[in-house]
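Heads up: the structure comes next, in structure tokens.
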Amino acid sequence: MVKVITYGTYDMLHYGHIRLLERAKALGDYLIVGVTSDDYDKTRGKINIQQPLEERIEAIRKTGLADKIVVEEYEGQKIDDIKRYGVDIFAIGSDWRGYFDYIGEYCEVVYLERTQGISSSEIRSEKRRVRLGLAGTREENILYKHYQESGYVDGLDVTAICTGNERFYEEFRVDGVSKCQSYEELLDECDAVYLLSHPKTHYREIREALEKGKHVLCEAPLCIGGAEECKELLSLAKQKGLVLMPGIKTAYSTAYSRMLLQLKAGKIGRVVSVDATCTSMLPYELQKKDIGAAWDSICAWGPTAMLPVFDILGTDYKNFDIHSLIYEDTDFDLFSKVDFAYDNGVGTIKVGRGVKSEGELIVSGTKGYIYVPAPWWKMDYFELRAENPADNKRFFYQLDGEGIRHQLVAFTKQINDPENDVISHVDEAVTMAIHQIIGSYYKGDRNQI
């Protein structure tokens, strides 16, 4: 019996996939098909996959071509599988010609010609192209990162940018994009908008976009008026069948989601404390002449820092206290500390834009703790630590584009699949809780230090 093995993602299985499988099948008597797992695809930079692993496996099964299906989960598994199953021929598409020649040491390698004119990438891209507009008045480097990362997302095109700052176009190269003079002009040239304007204008700008039928990805917070104002915006989006997504890119880090799974599995026992710190310094010239135009600490870092507190301890806290260092005669907090009291635990966030500290995340439990080093909000690594250091474990996961890329993928998927309410990694209850605290801050429910 001649055994043949081949591998692929097989997202949105199409005729080209099937023809390749048929050619592989014809090479021998027994065909093994390896389907790459979601996590392994991410490590290879494939983040636009539309179908979960289970659906892709079922699609292969229904072709009737595979005698056996295996899941590819790690680098080097191909050789392990060839040895384990006694494979005679390794078959792969001709676009990989030469890349897998090293496997020839273990079995015969055959490069199969692909069917021309069809690919999963093209299908994903043409499913529905979303025209994205970028709007922001400050933090132009972040706006530009979103422009760059959008290029990796199938079906998403940046068509217009409005910054209110002409220097943006001098400092950054943006090709084939309309330079809009106003927010209203921008909305006329896009299907969806990414907002990085000042938080004090978010409520008005989100409402305007939704009223014009545009989907919105807004750098959190969505508003500063509290939970009720946030609920109003979310309700309007649902009423109009539009996506309104708070932008907290940490939520889309694979390491962050895997950390939450470790906690749910009880790896550190019962969680009793979550401490998150996020700080950065303001440019000196901004402190002196234009502090009111900057994002203050509670807005710039509050949503990110509160995310693990509410994801881990929940949103049903008993009470909270805010202590803030306010800049001279403004409402700008250079530093804020928020303490949350729960029935069975405590949470603390420290955020600063003018006060610097170690940006780490520590989750304490009855059997150990999780430690994420600075900058934890760009999480690609965490440690599970125990009393005995020999029992410590380290977890590494690739993070592309600081999480921006994954967030844009989720936003685009949500637009194309509006009935799927689990694509956004930020739970609505968490969104509401975050805005409750920010609203309380702006209503004066804080202590000055």
Practice item. Restrict the check to the stretch 230-245 and report whether at least one residue is closer than 25 Å to Asp339 by Cα and modelled with pLDDT under 95. Key: no
Review point. Do we find that Ile415 is over 24 Å from Pro199 (Cβ atoms) and either within 24 Å of the chain's Cα centre (by Cα) or not assigned by TED's automatic domain parsing to the domain that holds Tyr74 (or both) in this structure?
Key: no
Point to revise | Count of residues meeting criterion [touching a residue at least 24 places away in the same chain (Cβ under 8 Å) and out of contact with any strand residue (DSSP E or B) (no Cβ under 9 Å at 6 or more places or on another chain)] in the stretch 364-392 | key: 2
Point to revise | Of the criteria (1) closer than 14 Å to Met12 by Cβ; (2) at pLDDT 80 or above; (3) not small (Gly, Ala, Ser), which one Ile49 fails | key: (2)
Revision key, fill the gap. Checked the stretch 351-388 for anything hydrophobic (A, V, I, L, M, F, W, C) and crowded, with 20+ Cβ neighbours inside 10 Å; matches are Val351, Leu361, Val363, Ile370, Val372, Trp376, Trp377, Met379, Phe382, Leu384
Exercise for review: Give me a count of the residues in the stretch 52-78 that are more than 20 Å from His14 (Cβ to Cβ), modelled with pLDDT of 85 or more and surrounded by fewer than 16 Cβ atoms within 10 Å (Cβ to Cβ).
Suggested key: 5
Revision key, fill the gap. Of the residues in the stretch 253-299 that are at pLDDT below 90 and hydrophobic (A, V, I, L, M, F, W, C), the one that is surrounded by the fewest Cβ atoms within 10 Å (Cβ to Cβ) is Ala293
Review point. Of all residues in the stretch 216-245, which are part of a helix (DSSP H, G or I) and charged (D, E, K, R)?
Key: Glu228, Glu229, Lys231, Glu232, Lys238
Exercise for review: Those residues that are assigned to a loop (DSSP other than H, G, I, E, B) and at negative phi, I need them from the stretch 326-344; list them, please.
Suggested key: Tyr327, Asp329, Thr330, Asp331, Phe332, Tyr342, Asp343, Asn344
**Study point:** Any chance Phe395 is in contact (Cβ under 8 Å) with a residue 12 or more places away in the chain, farther than 21 Å from Phe310 by Cα and assigned to a strand (DSSP E or B)
**Key:** yes
Review point. For residues in the stretch 181-203 being charged (D, E, K, R) and assigned to a helix (DSSP H, G or I), which is surrounded by the most Cβ atoms within 10 Å (Cβ to Cβ)?
Key: Lys200
Review point. Consider Asp175 against the criteria (1) within 15 Å of Arg131 (Cβ to Cβ); (2) free of Cβ contacts under 8 Å to residues at least 24 places away in the same chain; (3) assigned to a loop (DSSP other than H, G, I, E, B): it satisfies all of them except one. Which criterion is unmet?
Key: (1)
Check your understanding: Restricting attention to the stretch 192-203, does a residue exist that is assigned by TED's automatic domain parsing to the domain that holds Lys240, of a type in the set (A, V, I, L, M) and over 21 Å from the mean Cα position of the chain (by Cα)?
Key -> no
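The values are calculated or read from the model by the stated rules, or taken from the named source; none is laboratory data. Just so it is clear, the model here is predicted, and its values are computed rather than measured. Every residue, glycine as well, gets a Cβ built from its backbone with ideal geometry; the counts of neighbours run over all protein chains shown.
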